[in-house]
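FYI, it's all coordinate maths here, none of it is from the lab. The model shown is predicted, which means the values in this text are computed figures rather than measured ones. Here the Cβ is made from the backbone with ideal geometry for all residues, glycine too, and neighbour counts use every protein chain on show.
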Amino acid sequence: MERKVGSSTLTAKEVKAAMEKSTTLTAEEEKALRMRHGAGASSPNAPLPRAAGANAELADELLVIEMQLMKAMRARTGQTRTAANASKAPAAVRTPEAPANATKDKIVRALRTKKK
């Protein structure tokens, strides 16, 4: 095999197109190529690749795990609203069990005694 004498330029678009076609790159290799050549992600609106591929049993198992994790996260954060209703929720609601500020309590007590 002969060695090429000339030089060529590799553009970010070419790297991006080659990475979209390739299925053998690991995550680290893909990250290194993107960083080295300045190729961004394919599209911000593109769906994420499925880890299960064509394996339906694995896809079902991953869905169950995802649902369990979402349920645990909601229970931990106390979130009861869905993402669609979150935009309609009030920005901040003061809860009665929230700890009061000591300085504020002191000022309020002083004003109450002054008023009497």
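FRET efficiency for A18 and R76, Cβ-Cβ distance as r, R0 = 30 Å, nearest 0.05? Show your work: numbers first, answer last.
On the way: r = 42 Å, r/R0 = 1.39.
That gives a FRET efficiency of 0.10.
What does the extension gain come out to for K106 and L69, with contour length at 0.36 nm per residue minus their alpha carbon separation?
Values: separation 37, 0.36 × 37 = 13.32 nm, distance 4.37 nm.
Going from the current span to full extension adds 8.9 nm.
So which aspartates and glutamates can K21 reach, going by Cα to Cα under 20 Å and dropping same-chain residues fewer than 8 places off?
E29, E30
Can you list the lysines whose alpha carbon sits under 29 Å from that of K114, skipping same-chain ones fewer than 8 residues off?
K104, K106
Among V15, V5, which comes first, second and so on when ranked by fewest other beta-carbon atoms within 10 Å? Could the numbers behind the result be given before it?
Values: V15 16, V5 5.
So the residues, fewest neighbours to most, are V5, V15.
Pull up the cross-link candidates among the aspartates and glutamates for K71, meaning alpha carbon to alpha carbon under 20 Å and not fewer than 8 places away within one chain.
Partners within reach: D60, E61.
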